[in-house]
Amino acid sequence: MLTRPFCDQIMLQVVASVWLDSAGYDPEATSDEVYCVWEAIKKYANIIREQRLDSKVFDYSFNSNNLNSLIEALVRKGDLNMAWRVIREEMPKHDLIPDKMVFYTLVSQLSVNGRLWPLGKAMVARFNKHYPGPVAAALKDPECPHTLKAMIYAGIRETADN
């Protein structure tokens, strides 16, 4: 049987992802508003943490799915710089290391639109500079779409040329 604090922590994580996904898909929302949703969720988690006696057992922290939801929402809004800031600043605060899924979340939408390829190549180059492991893993992944692999190779080549 699950304990109530554990259920509360899972509920917080689920609600966080749903709210962030909703904000990302809202055509009226801006990237600043998406980030405000994230800040409100973190504030709520801190309130729970302070009020719960069991917070030493359950820290009401966020997981990689939550951060991926935030990154995806920001990419949907076209704010790659803020998405990159989440990877470089927010993920370490939650003891999360960018992996292949984070990389896919950041660049996959950019690979399907030829007009966005320059941005995609730049993000591949930036990600590869700081986190080469997930980029290499994506290239070895048989499920990685061909358009994304082509963009990855182009981004890596661009890095090597500079």
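Since every read-out is calculated from the coordinates, none of them should be taken as a lab result. What you see is a predicted model; the values in this text were computed from it and never measured.
Please work out the Cα center distance from the stretch 61-103 to the stretch 120-160, rounded to the nearest Å.
Here the two parts' Cα centres lie 17 Å apart.
Any chance you could get the radius of gyration and Dmax over the Cα atoms of the chain, in Å?
Spelled out, the Cα radius of gyration and Dmax of the chain are 17.3, 57 Å.
List the aspartates and glutamates whose Cα sits under 20 Å from the Cα of K149, skipping any in the same chain fewer than 8 residues away.
Answer for K149, where 20 Å is the Cα cut-off: E72, D99, D141, E158, D161, listed by chain and number.
Pairs K93/K121; K42/K100; K42/K93: which exceed 22 Å Cα-Cα? Could the numbers behind the result be given before it?
On the way: K93/K121 27 Å; K42/K100 25 Å; K42/K93 12 Å.
As for pairs spanning more than 22 Å Cα to Cα, those are K93/K121; K42/K100.
Helix 4-25 against the longest principal axis of the chain: what's the angle in degrees, Cα atoms only, rounded to the nearest 10?
Value to nearest ten degrees: 40.
Treating the angle as unsigned and between 0 and 90°, give the value, to the nearest 10°, between the Cα long axis of helix 64-76 and the longest Cα principal axis of the chain.
Helix 64-76 sits at roughly 50 degrees to that axis.
Roughly what angle does helix 117-130 make with the longest principal axis of the chain, taking Cα atoms, 0 to 90 degrees, to the nearest 10?
Approximately 70 degrees, to the nearest ten.
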